[in-house]
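Colleague: Got a structure for you, written out below as structure tokens; questions coming shortly.
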Amino acid sequence: NGCDSTAILNLTINQSDNTSSSIISCDSYTWNGITYNISGIYSNTYTNISGCDSIHTLDLTINNSSSGSSSFTTCDSYTWDGVTYNTSGIYTNTYTNTNGCDSVHTLNLLIINSTSGSSSVTTCDSYTWDGVTYNTSGIYTNTYTNAFGCDSVHTLNLTIINSSSGSTSVTTCDS
């Protein structure tokens with residue numbers, strides 16, 4: 001009709017969201033059901049409360065755990081981190097590496113026991129053992145190295161019986 005017409009527009013502008021987070025994790029990180037094991041920048045798009053896109057960016061740093069091992073052969077016992085082990089075996093300790101992640105160290109331990117033995121000897125006047133002459137009874141020990149390089153202690157129970165001497169004077173007739 002050629003007359004003025006007024007139109008009213010009620011306009012609501014909803015905003016998208018952009019958020020981010022930084023995560024440092026050891027070995028892997030699971031975000032929204034996906035496991036990541038490589039550092040990187042990842043993003044997911046969601047719907048915010050207004051129905052618009054909400055983009056979340058994850059700045060992910062993956063630090064790796066570490067491991068190491070050592071092997072020791074020793075006599076009788078071995079002390080590792082304050083714990084004394086008397087039997088052979090495989091033992092592990094967990095530490096924290098410089099990245100704050102686990103550092104597992106494995107110890108392969110072989111324990112060889114020292115040996116011992118004894119003997120008893122009764123003899124007259126003196127006894128020579130390994131180049132040493134003994135004139136009195138007693139208990140003596142010598143330490144050797146066994147076939148595995150460990151101590152082998154031998155104990156000698158020595159009894160010395162001293163010889164005796166005497167004289168007799170006899171006066172007799174005919175025989």
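Colleague: Looking at the chain, which Cys residues are left with no other cysteine's beta carbon under 4.7 Å from theirs?
Modeller: That list is Cys3, Cys52, Cys124, Cys173.
Colleague: Same structure again: Nearest 5 percent is fine: what portion of the DSSP beta bridges confined to the chain is antiparallel?
Modeller: Percent antiparallel among DSSP bridges in the chain is about 50.
Colleague: Continuing with this model, one more query. Could you compute the FRET efficiency for Ser137 and Ser116, with r as their C-beta to C-beta distance and R0 at 22 Å, rounded to 0.05?
Modeller: Here the calculated transfer efficiency is 0.55.
Colleague: Shifting gears a bit: If you count the DSSP beta bridges with both ends in the range 55-126, what percent of them are antiparallel, to the nearest 5?
Modeller: 50 percent
Colleague: Distance in nm between label sites at Trp129 and Asn1, each 7 Å beyond Cα in the beta-carbon direction?
Modeller: Spacing of the two 7 Å Cα→Cβ label points: 13.7 nm.
Colleague: Please list 158-164, 4-10 highest first by mean number of surrounding beta-carbon atoms within 10 Å per residue.
Modeller: Descending packing order for the listed peptides: 158-164, 4-10.
Colleague: Let me ask you something else. Please list, in chain and number order, the residues 5+ apart from Trp129 or on another chain whose amide H is under 5 Å from its amide H, with Hs placed from the backbone.
Modeller: Here the answer is Tyr134, since their amide H atoms fall under 5 Å of that of Trp129.
Colleague: For the residue pair Thr84 and Asn157, what label-to-label distance in nm results when each label sits 7 Å from Cα along the Cα-to-beta-carbon direction?
Modeller: Once both label points are built, they end up 2.8 nm from each other.
Colleague: I would also like to ask the following. Please give the per residue volume of the convex hull enclosing the alpha carbon atoms of the chain, rounded to a whole number of Å³.
Modeller: 183 Å³
Colleague: Further question: How large is ³J(HN,Hα), in whole Hz, for each residue of the range 76-85 in order, when computed from phi with the Karplus curve 6.51 cos²θ - 1.76 cosθ + 1.60 and θ = phi - 60°, using x for Gly and Pro?
Modeller: Per residue, the Karplus-derived 3J(HN,Hα) values read 6, 7, 9, 9, 10, 6, x, 10, 9, 9 Hz.
Each reported figure results from applying straightforward, stated rules to the coordinates on display, with no laboratory input. For clarity, every value in this text was computed on a predicted model and none was experimentally measured. Quick reminder, even Gly has a Cβ in these numbers, built from the backbone with ideal geometry, and neighbours come from all protein chains shown.
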